[in-house]
Amino acid sequence: MAKKLKIGFLGGVGEIGKNMTVIEYGDSIIVIDVGLTFPSEEMLGVDVVIPDFSYLVENKEKVKAVICTHGPEDHIGAVPYLFQVMDQPTIFGSTLTLGLIRAKLEEFGLKAKMKTVTSGSEISIDCFKVKFFKVCHSIAGALAVAIDTPQGVIFHTGDFKIDHTPIDNEKMDFAALADLGRKGVKLMLSDSTNAERPGHTISERKVGESISRIFAAHTGRRIIVATFASNLHRIQQILDIAAANNRRVVLSGRSVVKVVELGKTLKLLRYDDSLIVNENAMKKIPPEKLCIICTGSQGERVSALTRMAAGEHPSITVGIKDNVIISASAIPGNEKSIYNVINSLYRLGAEVIYSAIEDVHTSGHAHQEELKMMLSLINPKFFIPVHGEFRHLKIHAGIAQSMGIPKENILLPELGWSIEVAKDGLKKLDNIKAGNAYVDGDAVGDLEPVIKDRRQLSADGFIIVLLSLSVENGKPSAPEIITRGMAALSEEDLAEMKKQVLGAVKNIKYINSDNRDAIKSAIRRTVRRMLYSISQSTPMIVPIVVEK
Ligand SMILES: [Zn+2]
């Protein structure tokens with residue numbers, strides 16, 4: 001059978017986050033990104049959501065390389081979970097990306113082969129030749145990848161924006177991208193996160209200017225800035241602005257402390273060591289000479305800013321002399337938590353500045369004009385929008401069409417789709433297994449039944465029906481009924497329920513402990529029917545049968 005070039009979508013399409021794409025030819029698989037996402041409210045008790053790796057586990061010996069376009073969680077977060085089930089692939093990424101991955105693997109007690117690549121690097125992985133291109137994004141070290149395959153070049157943008165004045169002066173290499181486009185790109189997969197937004201993103205440097213103005217206007221007050229720990233460019237700007245305003249910096253929150261240390265080690269952050277003081281030394285410095293950089297820009301439950309807002313932070317008390325800058329935007333789904341934090345900060349008397357009020361944040365994802373620029377430079381024959389909910393992909397497809405890519409050369413992928421890139425076009429093959437795997441503490445995998453139970457418990461509570469059978473003659477006695485988390489039953493309803501349960505059990509032909517399942521289902525049926533007629537509630541029903 002002739003070998004096929006296949007692209008499999010294990011994550012990042014039809015959703016934001018959990019990015020993961022599989023490129024396969026013959027016996028070789030390259031994985032691009034291994035991201036995770038955070039649980040939505042109805043995924044009770046779930047810590048993180050990772051891609052279902054079944055397809056890769058089934059084809060384990062084929063997986064040669066994992067290319068991570070950039071950190072953090074939505075592109076590298078699930079790497080440790082993948083390396084719990086396989087350890088042979090080599091991980092490729094920029095210095096910062098690999099630094100972040102190494103720290104994650106260490107936390108899990110895992111090791112992996114890693115190779116650092118930079119813009120312009122070319123590597124060979126079996127039949128694939130891979131070349132990397134720097135792009136601007138909300139984290140340093142972001143790379144796009146061109147994979148030269150037996151069916152032509154596939155270009156994956158990773159996440160990108162076009163910033164002509166980036167903080168590290170690492171501008172996108174337009175000439176190299178145009179050159180790639182001129183030589184011919186068969187298929188482009190491109191970031192769709194901001195496909196709905198017209199125009200251009202503002203430059204990271206503009207954000208620095210806004211923050212700088214806020215510092216200048218509030219010289220007599222303490223300034224607290226919450227941002228994404230991974231956004232080293234933003235942190236660099238805040239450090240520079242604090243230094244220029246004679247303020248010392250306190251880092252609050254585990255991830256921000258860790259990332260700043262890593263950034264310094266990798267020489268990606270530059271600051272004078274005396275600039276940063278710890279939370280103890282902070283007490284000796286007047287508040288107006290301080291700038292606190294903290295986690296919690298998404299209103300995360302255990303983050304530094306959320307604890308400050310709740311008055312629960314061990315060493316930082318927020319009050320009327322504080323200006324809090326939230327230098328981030330809400331990841332969809334987090335809006336409520338963030339606004340709760342903002343409301344609490346206002347109640348404490350602080351001034352709060354966030355992106356709805358001033359330009360204290362810019363997105364790392366291209367707006368429409370930037371997406372068009374990328375399409376122009378690469379000029380691909382075929383186009384697949386990725387990284388976005390279905391509406392983002394759809395709008396991005398429309399943009400590509402408006403740029404002259406014929407409709408039949410554009411494909412809107414869904415999770416689990418496998419696409420063949422053939423000579424004459426893109427062909428949909430049978431789906432591959434894909435979806436969510438849940439992580440709750442040490443448990444990983446299909447936790448859907450557990451989550452369903454939790455959902456039911458949280459919505460309707462539970463009811464325990466304890467029925468005892470006589471050891472001597474097997475006769476059932478009137479059951480005990482215990483409820484939690486549901487509206488109390490009246491004395492009459494309770495008495496009636498006991499009566500009906502007993503009646504239902506007595507109707508079973510053979511009542512003995514070997515026939516427990518039949519007894520339990522009779523109890524469940526009776527209780528469910530009664531509760532539904534009393535209150536339309538559907539709590540979890542737990543029948544327990546004991547011998548006494
Ligand atoms: Zn990203």
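Coordinate-derived values only; no laboratory data. Everything quoted here is computed from the prediction, not taken from an experiment. As a convention, Cβ positions derive from the backbone with ideal geometry for all residues, glycine included, and neighbour counts pool all protein chains shown.
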Checklist line | Spatial separation of Cα centroids for region 195-212 and region 419-449, in angstrom | finding: 35 Å
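Viscosity 1.567 mPa s, temperature 4 °C: Stokes-Einstein D of region 204-354 from its Kirkwood Cα radius, in µm² per second?
This corresponds to a translational diffusion coefficient of 85 µm²/s.
Among the listed pairs 64/104; 64/264; 394/427; 18/428, which are separated by more than 27 Å between their Cα atoms? Let's see the in-between values first.
Values: 64/104 21 Å; 64/264 32 Å; 394/427 19 Å; 18/428 22 Å.
Among 64/104; 64/264; 394/427; 18/428, the Cα-Cα distance tops 27 Å for 64/264.
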Check: Long-range amide H contacts for residue 48: which residues qualify at under 5 Å (H placed 1.01 Å from N, peptide plane, sequence gap of 5 or more or a different chain)?
Finding: 439
Note to self: Explain nothing, just compute: Karplus ³J(HN,Hα) = 6.51 cos²θ - 1.76 cosθ + 1.60, θ = phi - 60°, for every residue of region 484-489 in order, whole Hz, x for Gly and Pro.
What the structure shows: 9, x, 9, 4, 5, 7
Margin query: Using the alpha carbons of region 26-163, what is the convex hull volume per residue in cubic angstrom, as a whole number?
Written below: 123 Å³
Item checked: Calculated SAXS-style log₁₀ I(q)/I(0) at q = 0.10, 0.16, 0.21, 0.23 Å⁻¹ - region 312-415, Debye, Cα scatterers -> -0.48, -0.78, -1.07, -1.20
Next item on the list: Quantify how much of the Cα-Cα distance distribution of region 448-547 extends past 18 Å, in percent.
Entry: 45 percent
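With a/c under 1.5 counting as rounded, go ahead and sort region 84-124 into rounded, prolate or oblate using the C-alpha gyration tensor (a ≥ b ≥ c being the square roots of the eigenvalues; past the cut-off, prolate if a/b is larger than b/c, else oblate).
Here region 84-124 falls in the oblate category.
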Margin query: If you average the C-alpha positions of region 282-312 and of region 63-125 separately, how far apart do those two centres end up, in angstrom?
Written below: 32 Å
Item checked: Selection from 298, 313, 220 lying farthest towards where the dipole of region 204-354 points positive, charges on Cβ -> 220
Margin query: If you filter region 39-121 for trypsin sites (Lys or Arg not before Pro), then keep DSSP loop positions with at most 12 other Cβ within 10 Å, what is left?
Written below: 111
Notebook entry, point to check: What would the Debye formula give as log10 I(q)/I(0) at q = 0.12, 0.17, 0.25, 0.30 Å⁻¹ for the alpha-carbon point model of region 119-175, no solvent?
Noted result: -0.30, -0.56, -0.96, -1.21
Next item on the list: DSSP loop (so not H, G, I, E, B), at most 16 other Cβ within 10 Å: list which trypsin sites (Lys or Arg not before Pro) in region 223-278 pass both filters.
Entry: 267, 270
Check: Roughly how many nanometres apart are two label points built 7 Å out from the Cα toward the Cβ at residue 178 and residue 217?
Finding: 4.0 nm
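Remind me, relative contact order of region 448-547 in percent, using alpha carbon pairs under 8 angstrom and six or more residues apart?
Averaging sequence separation for qualifying contacts and normalising by length gives 39 percent for region 448-547.
Restricting things to alpha carbons, find the Rg to Rh ratio for region 231-316 using the Kirkwood radius for Rh. Write down the numbers at each step before the final one.
Details: Rg = 12.7 Å, Rh = 13.3 Å.
Rg/Rh for region 231-316 comes to 0.95.
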Notebook entry, point to check: Among the lysines, which have Cα under 19 Å from the Cα of residue 60 when same-chain residues fewer than 8 positions away are ignored?
Noted result: 3, 4, 6, 111, 113, 433
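Looking at region 24-125, which GluC sites (Glu not before Pro) are DSSP coil and have at most 16 other C-beta atoms within 10 Å of their C-beta?
Those that pass, being in a loop and sparsely packed, are 41, 42.
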Notebook entry, point to check: Mean separation of Cα pairs under 8 Å and 6+ residues apart, divided by the residue count of the chain: what relative contact order is that in percent?
Noted result: 16 percent
Next item on the list: Kindly count the pairs of lysines across region 448-547 whose alpha carbons are less than 19 Å apart, treating pairs on different chains or eight or more residues apart as eligible.
Entry: 11
Next item on the list: Scan the chain and hand back the longest stretch that contains none of the chymotrypsin sites (Phe, Trp or Tyr not before Pro) lying in DSSP loops with at most 14 other Cβ atoms within 10 Å.
Entry: 109-509
Check: Under a plain spin-label model, where a point goes 7 Å from the Cα along Cα-to-Cβ, how far apart in nm are residue 356 and residue 103?
Finding: 3.1 nm
Note to self: What number results when the radius of gyration of the chain, computed over Cα atoms, is divided by 2.2 N^0.38 Å?
What the structure shows: 1.17
Note to self: Students often get this wrong: which residues of region 411-429 have the backbone nitrogen under 18 Å from the point 7 angstrom along Cα-to-C-beta of residue 57?
What the structure shows: 416
Note to self: Test of understanding: what is the full-extension gain from residue 495 to residue 171, defined as 0.36 nm times their sequence separation minus their Cα-Cα distance?
What the structure shows: 109.1 nm
Next item on the list: Note down the nm distance, to one decimal, between modelled labels 7 Å out along Cα→Cβ at residue 369 and at residue 542.
Entry: 6.1 nm
Item checked: Estimated translational D of region 140-262 in µm²/s (Stokes, Kirkwood radius over Cα pairs; 4 °C; 1.567 mPa s) -> 75 µm²/s
